[in-house]
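Data block below; observations after.
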Amino acid sequence: MGSDMELGFGWNGCVLSNFSTSGKQYGEVLKRVGSFHATKTVLRPRGKVQNVGRWNMTLASTKVAALDHQSFPILNQLVHDDKRLVYLDSAATSQKPHRVLDALRAYYEGDNSNVHRGAHSLSARATESFENARDAVARFVNSPSRDQIIYTRNATEAINLVAYSWGLNNLRDGDVIVLSVMEHHSNLVPWQIVAKKTGAVLQHVRLTENQTYDLEHLASILKEHGSKIKLVSTSHVSNVLGCVNPVKQIAEMAHAVDAVVLIDGCQSAPHMRVDVQDLGCDFYVASGHKMCAPTGIGFLYGKHELLSSMDPFLGGGEMIDVVHLDHSTWAMLPHKFEAGTPAIAEAVGLGAAVSYLEDLGMDRIHTFEKTIGTYLYERLSRFKEVTIYGPSPEQADRASLCSFNIDGVHPSDLSTMIDLEGVAIRSGHHCTQPLHRELGIDASARASLYLYNSSDEVDIFIDALMGSVDLLGGTLTLK
């Protein structure tokens with residue numbers, strides 16, 4: 001085989017467009033595409049690329065340098081032998097800076113011990129680091145008290161904690177839980193389970209024409225059900241639509257009917273300043289792994305009076321005050337909700353991540369992401385065949401992510417081909433199956449940016465996108 005050939009595929013009876021490949025990449029393309037729908041492979045001499053204007057695109061706007069790329073060692077690698085990694089999947093999980101990696105190593109090499117349970121120096125140091133991280137999180141979200149920050153494995157566990165400890169004890173038959181159609185499964189499924197157990201009714205706020213949270217529909221639900229509404233829960237930022245929801249206004253509207261408000265902050269805490277007191281929410285949850293911290297650690301913020309009134313979520317060691325053979329009493333907040341040996345190193349890593357983000361400045365991060373997010377949106381939106389979901393940057397404040405589809409190209413096939421160029425994006429339903437049904441689609445591709453990305457990396461993604469669409473038999477033309 002020559003070192004540089006054109007590769008085409010028989011795809012459900014159709015011949016695909018040309019795609020330049022060579023050597024090991026050729027075999028990798030065959031292996032990867034073969035796992036999807038390819039039925040026949042042919043080689044032919046290189047021809048002209050068929051996409052009109054493909055090589056003549058002008059930049060969407062001014063170049064944008066990464067806020068901090070050098071602190072993330074994982075990004076300095078080659079994939080598929082010779083492609084520099086371009087990581088555009090931070091909405092799924094973020095990469096970790098040296099400060100977090102160093103904190104984990106220092107803990108395990110110098111301080112590893114169980115917390116709260118020993119008088120020796122290792123336990124004292126481990127406990128100090130563990131609790132200092134709680135102080136950092138409390139400061140990060142402006143919690144009135146450190147005791148209102150509960151460590152959890154992730155935001156999913158935090159929502160389940162509220163659903164089981166508060167929901168099962170406060171919801172009754174006929175009560176109403178208000179969610180939205182854009183919610184992540186983690187903010188849908190727990191409430192479905194609780195509704196089934198209690199007889200509560202689920203209501204879902206729809207989207208506006210611009211695919212944002214419909215406040216008028218929320219108002220109509222509140223008017224119809226009034227005091228029967230016990231909970232209103234929504235995401236701060238949609239992980240698919242990218243829209244920043246007006247959660248402060250949502251909280252004010254919900255509190256007018258005495259409903260409790262829970263905010264899913266997974267896509268906001270890493271990217272913007274969060275002030276739970278200003279937002280007015282009763283509960284706020286987030287996952288550490290999306291904000292430069294390790295996996296396996298997240299947190300729940302709750303108003304003190306609510307947390308104090310709730311029963312424990314899990315029973316065992318640490319969360320008790322006094323234990324008898326037939327009954328027990330509970331520890332004070334926050335330990336009442338932290339049964340067993342916690343994720344100590346992960347909590348230390350979360351504290352380091354918070355310190356790192358604060359040193360960069362959350363307002364600075366947010367401003368940067370608005371700029372680079374707009375750059376990504378503008379580059380994608382220039383193609384006629386691309387549909388981007390959610391509002392445009394002119395219509396509403398949006399996160400630095402784009403979920404999209406391309407006419408005639410399946411997002412899973414697209415993300416697989418793009419990966420061969422070293423670019424990591426995500427495809428699927430992004431844990432939002434109901435939202436995808438609302439949009440009339442089964443799946444979408446998603447590119448999501450963070451503080452370590454640059455406009456040059458967006459350009460690499462666009463080049464990989466055009467080449468992959470060409471391979472997969474699609475067309476991209478400029479508007």
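The values are calculated or read from the model by the stated rules, or taken from the named source; none is laboratory data. Being a predicted model, the structure only gives us computed values, none of them experimental. Note that we place each Cβ from the backbone using ideal geometry, even for glycine, and neighbour counts take in every protein chain shown. Side chains are part of the model used for accessible areas, which takes the heavy atoms of the whole protein and leaves out ligands, DNA and RNA. Shrake-Rupley method; radii C 1.70, N 1.55, O 1.52, S 1.80 Å.
Just how much of Val178 is accessible, in Å², when a 1.4 Å probe is used and the result is rounded to the nearest 10?
Surface open to solvent at Val178 totals about 0 Å².
Work out how much length Asp258 to His80 would gain on full extension: take 0.36 nm times their residue separation and subtract the Cα-Cα distance, in nm to one decimal.
Residue separation times 0.36 nm, minus the Cα-Cα distance, leaves 58.5 nm.
So, R0 is 22 Å and r is the distance between the beta-carbons of Leu215 and Lys479; what FRET efficiency does that work out to, to 0.05? Walk me through the intermediate numbers first.
On the way: r = 31 Å, r/R0 = 1.42.
According to the calculation, E is roughly 0.10.
Taking a cut-off of 15 Å between Cα atoms, list the aspartates and glutamates near Lys197, but don't count ones fewer than 8 places away on the same chain.
Asp173, Asp175
How are the alpha carbon pair distances in the stretch 374-433 distributed across 10 Å bins from zero to the largest one, expressed in percent?
Going from the shortest bin to the longest, the percentages are 19, 52, 27, 2.
Taking just the alpha-carbon atoms of the stretch 82-203, what radius of gyration and Dmax come out, in angstrom?
19.9, 60
Calculate the spin-label point distance for Asp442 paired with Glu128, positioning each point 7 Å from the Cα along the beta-carbon direction, and give it in nanometres.
Here the modelled spin labels are 5.8 nm apart.
Taking 22 Å as R0, compute the FRET efficiency from the Cβ-Cβ separation of Ser145 and Gln433 and round it to 0.05.
Given R0 = 22 Å and the Cβ-Cβ separation, E is 0.05.
In whole Å, what is the distance between the alpha-carbon centres of the stretch 166-235 and the stretch 353-380?
Measuring centre to centre over Cα atoms gives 31 Å.
Would you mind working out the accessible area per residue for the chain, using a 1.4 Å probe, and quoting it in Å²?
41
Which whole-number percent is the relative contact order of the chain (Cα, under 8 Å, 6+ apart)?
Once normalised by length, the contact order is 23 percent.
Percentage of Cα-Cα pair distances in the stretch 400-479 greater than 20 Å, rounded to whole percent?
Percent of Cα pairs beyond 20 Å in the stretch 400-479: 32.
To the nearest 0.05, what FRET efficiency results for Gln192 and Met362 with a Förster distance of 35 Å applied to their C-beta separation?
Approximately 0.55, to the nearest 0.05.
Starting from the 7 Å offset along Cα-to-Cβ, what nm value, one decimal, do you get for the label separation of Val322 and Thr387?
Taking the simple label geometry, Val322 and Thr387 are separated by 6.4 nm.
Towards the positive end of the charge dipole of the chain, with charges on Cβ (+1 Lys, Arg; -1 Asp, Glu), say which of Pro334, Pro411, Asn154 has the farthest Cα.
Final value for the positive-end residue is Pro411.
Sort Asp111, Asp173 from largest to smallest accessible area, using a 1.4 Å probe on the heavy atoms of the protein chains.
So the residues, ranked largest to smallest area, are Asp173, Asp111.
How much solvent-accessible surface does Ser129 expose, in Å² to the nearest 10, with a 1.4 Å probe and all protein chains in place?
Rounded to the nearest 10, that gives 40 Å².
How far apart, in nm, are two points set 7 Å out from the Cα along the Cα-to-Cβ line at Asn114 and at Asp278?
4.2
What 222 nm value per residue comes from the helices of the chain, counting each DSSP H run with n ≥ 4 as -39,500 (n - 2.57) and dividing by all residues, nearest 500 deg cm²/dmol?
Per the formula, -10000 deg cm²/dmol.
If the limit is 31 Å between Cα atoms, which of Lys83/Lys290; Lys63/Lys96; Lys96/Lys230; Lys196/Lys303; Lys228/Lys336 go over it?
Among Lys83/Lys290; Lys63/Lys96; Lys96/Lys230; Lys196/Lys303; Lys228/Lys336, the Cα-Cα distance tops 31 Å for Lys96/Lys230.
If the convex hull of the alpha-carbon atoms of the stretch 241-391 is projected onto planes in all directions, what is the mean projected area in square nanometres?
If you wrap the Cα atoms of the stretch 241-391 in a convex hull and average its projections, you get 12.3 nm².
Kirkwood Rh, the stretch 78-125, all Cα pairs: how many Å?
13.9
Can you tell me the Rg and the Dmax, both Å, for the Cα atoms in the chain?
24.5, 81
Taking the Cα atoms of the stretch 318-399, report the difference between the largest and smallest coordinate on each principal axis, in whole Å and largest first.
Answer, in whole Å and largest first: 70, 30, 20 Å.
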